[in-house]
1. Under the Karplus relation 6.51 cos²θ - 1.76 cosθ + 1.60, θ = phi - 60°, what is the ordered set of whole-Hz ³J(HN,Hα) values for segment 136-153, x standing for Gly and Pro?
2. Quick one: plug the Kirkwood hydrodynamic radius of the chain (C-alpha pairs) into Stokes-Einstein at 4 °C, 1.567 mPa s, and report D in µm²/s.
3. Would you be so kind as to identify which of Val199, Gln254, Ser216 lies farthest towards the positive end of the dipole of segment 142-255, taking Lys and Arg as +1 and Asp and Glu as -1 on Cβ and the Cα centre as origin?
4. In segment 142-255, carbon and sulfur make up what percent of the accessible area (probe 1.4 Å)?
5. Sorting check: for 202-215, 124-137, which peptide has the highest mean count of neighbouring beta carbons within 10 Å, and how do the rest follow?
6. Just to confirm a number: summing +1 for Lys and Arg and -1 for Asp and Glu over residues other than Lys3 whose beta-carbon lies under 9 angstrom from that of Lys3, what do you get?
7. Could you grab the Rg to Rh ratio for segment 142-255? Cα atoms only, Kirkwood for Rh.
8. Cα to Cα, under 19 Å, and not fewer than 8 places away if on the same chain: which lysines meet these conditions relative to Lys69?
Amino acid sequence: MKKIGVYTSGGDAPGMNAAIRAVVRTAVTKNIEVIGIMQGYVGMIENKMTPLLMRDMANIIQRGGTILKTGRSLEFLKPEFRKKASENLKSAGIEGLICIGGDGSFRGAQALFSEHKIPVIGICGTIDNDVFGTDDTIGFDTAINTALDAIDKIRDTADSHDRVFIVEVMGRNSGYIASHVGVAGGAEEILTPENILPVDKIIDRLKESRLRGKTSSIIVTAEGQKPGRAYDLADAIRKKSGLDAKVCILGHQQRGGSPTAHDRILASRLGSAAVLSLISGKSNMMIGNRGADLIEVSLDIVTKNEKHGDVTLIQLAKTLSV
Ligand code: ADP
């Protein structure tokens, strides 16, 4: 293998740049040229590609976002556009790909492999940590620390005004961000797709906590399918209980910022391992981690399964927030 392509796709995540850097520097050290494909599958279809050199990777390990930009492409869902993408890759001399993204991006990578025989290795980059087959994804640690910083600040004002605050975090269909941030931030309730509670039950628990002497409460809720649902919950709590409930939606700030040490190290390890895996002849695999070990998991297994949130953490938060 003499030339490979790398791209970031789907939702951006802090640490993607550290992964790109690791891919480029590992490959170039092995005398392999690296082409950066801009905006994920958009750039693949529109032939937006640029060579990535060793020195281009200077000073990006600490930067959030992705220097390659990212994108979502509806066209790529159609076979004729995937054919166009594969022709562009082949005429650029690209013999293999490293895809940095979430499970949607991996589905695209799988299609390229099965339809056009382009070898591809996936690296899991998403703040949601919702990729099956790996403990961690690049960006998750940074996102939960960003959310935690906000929750710590919100607790000050919740406490001063004796208020209930509903803090909505990201995570699409996954409750990973909510459950981790909830435990770390000492939340009184954590609501996730795996832990849906009726409003009456939430109010009962808030009232019980008041009787135990609590004057303020933080409810962390995952955005789920409908970002902004925290407003509906706050309305219901106010109307049914008379408690003063405020909302804070953390939103896209959770995607940005300088990656934590954990994310930079994970991204560096995954990026380097992905290149070694690709040049050893492997394909259609994701590099992930189980504990301290890096693992290879077939993309077929990754994309056919769902990763469910950790309900033990939700139980722990409940036990500890007495
Ligand atoms: P993520 O990778 O963060 O999960 P998305 O789900 O938005 O992000 O997927 C990113 C892109 O991957 C989509 O815009 C689309 O171009 C491509 N993609 C997703 N699913 C498929 C699929 N089943 N077949 C081909 N391409 C896909």
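1. 10, 10, 5, x, 5, 4, 5, 4, 6, 6, 5, 5, 5, 4, 5, 5, 4, 6
2. Working: Rh = 20.5 Å.
Estimated diffusion coefficient is 63 µm²/s.
3. Projecting each Cα onto the dipole axis, the largest value belongs to Val199.
4. Details: 2530 of 5100 Å².
Solvent-exposed carbon and sulfur of segment 142-255 make up 50 percent of the total.
5. Details: 202-215: 14.1, 124-137: 25.7.
So the peptides 202-215, 124-137, ranked by packing, come out 124-137, 202-215.
6. On the way: positive: Lys2; negative: Glu33, Glu95.
Once positives and negatives cancel, what remains is -1.
7. Numbers: Rg = 12.8 Å, Rh = 13.8 Å.
Rounded to two decimals, Rg over Rh is 0.93.
8. Correct list for Lys69: Lys48.
The values are calculated or read from the model by the stated rules, or taken from the named source; none is laboratory data. Small disclaimer: the values here were computed from a predicted structure and weren't measured. Cβ sites come from the backbone with ideal geometry, for glycine too, and all protein chains shown count toward neighbours. For accessibility, only protein heavy atoms count, side chains too; no ligands or nucleic acids. Shrake-Rupley method; radii C 1.70, N 1.55, O 1.52, S 1.80 Å.
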